[in-house]
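Let me begin by presenting the structure, written as structure tokens, before commenting on it.
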Amino acid sequence: MILSQTCVFKSILQHGRCFTRSRFSEKALVSKFTSAPLSSGAIHRAQSSFTGGVERTLVAVKPDGVQRRYVGQIIQRFEKRGFKLVGLKMLQASDGLLSQHYRELVKKPFYPNLVDYMTSGPVVAMVWEGLNVVQSSRRMVGPTNPAEAPAGTVRGDLSLHVSRNVVHASDSVEGAEREIQLWFEGKELLNWECYDHSLTYKEDK
């Protein structure tokens, strides 16, 4: 199930609450966002006037994070950091998708339990764009084991057990490219102008 695009934009602006009145019309707001599929070979790279380090990464709120209603808090953390949301949807992950996503773990003895966990409820998948977003997202999320995650990270603040660690974030630029292509079709990712990036990503002459 893909979230209503209009409601998504409203949620982003109000951090989880759709609003019904604004000085901008809904049509005008949505018109600022245009769908533009990226080529499969460069899906993690974003077009930008800034020439260094702008990437895209996959962040997914796992079933326990969705059940505990942490989706809005996690989105807010990435927005406050200055990253741009370019893809967002809620879905029930299939066994096939998970076998590709966790392909290096398929033969591990804990893999069946991992699949049971990841199919126990909906997942909210997101693609975030920004300067060095892959490495920054990993630091924001924290180590896989929440017991080792510092306070201030998502897992350090919101999770207690390694098997229920709330969120996934791509571990490398190459991994992000592969995972984004698994979880999103090109037409589901948007290229749109984030006005504050003209200051945030300004290069020194």
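What number comes out for the charge environment of GLY175, summing +1 per Lys or Arg and -1 per Asp or Glu over other residues with Cβ under 13 Å away?
That sum, taken over residues with Cβ under 13 Å, equals -2.
Heads up, I need the accessible area for LYS187: 1.4 angstrom probe, whole protein in place, Å², nearest 10.
For LYS187, the solvent-accessible surface is approximately 140 Å².
Considering only protein heavy atoms and a probe of 1.4 Å, how much of the accessible area of the range 86-205 is carbon and sulfur, as a whole percent?
The value for the range 86-205 is 52 percent carbon and sulfur by accessible area.
For the range 80-205, what does the accessible surface come to per residue with a 1.4 Å probe? Please give it in Å².
Accessible surface, normalised per residue, equals 54 Å².
The values are calculated or read from the model by the stated rules, or taken from the named source; none is laboratory data. Please read all numbers here as calculations on a predicted model, not as lab measurements. FYI the Cβ positions are ideal-geometry reconstructions off the backbone, even for glycines, and counts take in every protein chain you see. The area values use the complete protein model at the heavy-atom level, side chains included, leaving out ligands, DNA and RNA. Shrake-Rupley method; radii C 1.70, N 1.55, O 1.52, S 1.80 Å.
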